1. At 1.4 Å probe size, put Asp86, Asp69 in order of accessible surface, largest to smallest.
2. Using label points projected 7 Å from each Cα along Cα→Cβ, tell me how many nm separate Arg30 and Asp69, to one decimal.
3. Of Thr75, Gly59, Ser39, which is farthest on the positive side of the dipole of segment 9-80, counting Cα position, with +1 on Lys and Arg Cβ, -1 on Asp and Glu Cβ, and the Cα centre as origin?
4. How far is it, in nm, from the label point at Asn40 to the one at Glu22 when both lie 7 Å from their Cα along the line to the Cβ?
5. Over 20 Å between Cα atoms, which of Lys21/Lys141; Lys52/Lys141; Lys52/Lys101; Lys90/Lys141; Lys21/Lys101; Lys32/Lys157 qualify?
6. Where only protein heavy atoms count, and the probe is 1.4 Å, what is the accessible area per residue for segment 4-75 in Å²?
7. Take Val47 and Ser145, extend 7 Å from each Cα along the Cα→Cβ direction, and tell me the distance between the two endpoints in nm.
8. Arrange the peptides 97-107, 40-50 so that the one whose residues have, on average, the most other Cβ atoms within 10 Å appears first.
Amino acid sequence: MPAPTPLMPTILVDADACPVKEEIYRVAARHKAHVRVVSNSPFRVPVSERVKRVVVSDGFDAADDWIADNASPSTVVITADILLADRCLKAGATVLRHDGKPFDAASIGSAIATRAIMEDLRAGMDGPLGAAGGGPPPFGKADRSNFLQALDRVLVKLARA
């Protein structure tokens, strides 16, 4: 099996809550990119020399630590985790959310600040009225399409670099 080289793009997937794994496999195959599906428990992955499952311990942030430790300028990280995105950006990786929106140096600071504010608001809602809040909007067809286009653009850009 050919191992990823610094010149070959590798997609690192924060797999536990990733709704676009099948899309990642398709786009990666088209671009001959390697994929590492990282999680605390096994996921089914396609039989391919380029797609590998990485099962880490069930320790707190074990999957995030593995992804951050393996992030580099030749990797694309797929995650919705803002703090993981920040760590990967610092390692030089390209980071995409599941809806195709990139995390980048210009947006990560405000994303971290918003996350902290929301965490504080949720902590203050622990009283009798506290369960209200909602969460993110449902993942839809437009999000899936935007993700496919964004991942394709990123892999083309990495191939040219």
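The values are calculated or read from the model by the stated rules, or taken from the named source; none is laboratory data. These numbers come from a predicted model, not from an experiment. Positions of Cβ are backbone-derived with ideal geometry, glycine not excepted, and every protein chain shown enters the neighbour counts. All accessible areas refer to the heavy atoms of the entire protein, side chains included, with ligands and DNA or RNA removed. Shrake-Rupley method; radii C 1.70, N 1.55, O 1.52, S 1.80 Å.
1. Details: Asp86 30, Asp69 120 Å².
Output order, biggest surface exposure first: Asp69, Asp86.
2. Here the answer is 3.4 nm between the modelled labels.
3. Thr75
4. Modelled inter-label distance: 2.6 nm.
5. On the way: Lys21/Lys141 14 Å; Lys52/Lys141 27 Å; Lys52/Lys101 25 Å; Lys90/Lys141 31 Å; Lys21/Lys101 16 Å; Lys32/Lys157 14 Å.
Distance filter (> 20 Å) returns Lys52/Lys141; Lys52/Lys101; Lys90/Lys141.
6. Values: 3620 Å² over 72 residues.
About 50 Å² of surface per residue is accessible.
7. About 3.5 nm, to one decimal.
8. Working: 97-107: 16.9, 40-50: 12.3.
Those peptides, ordered most packed to least, come out 97-107, 40-50.
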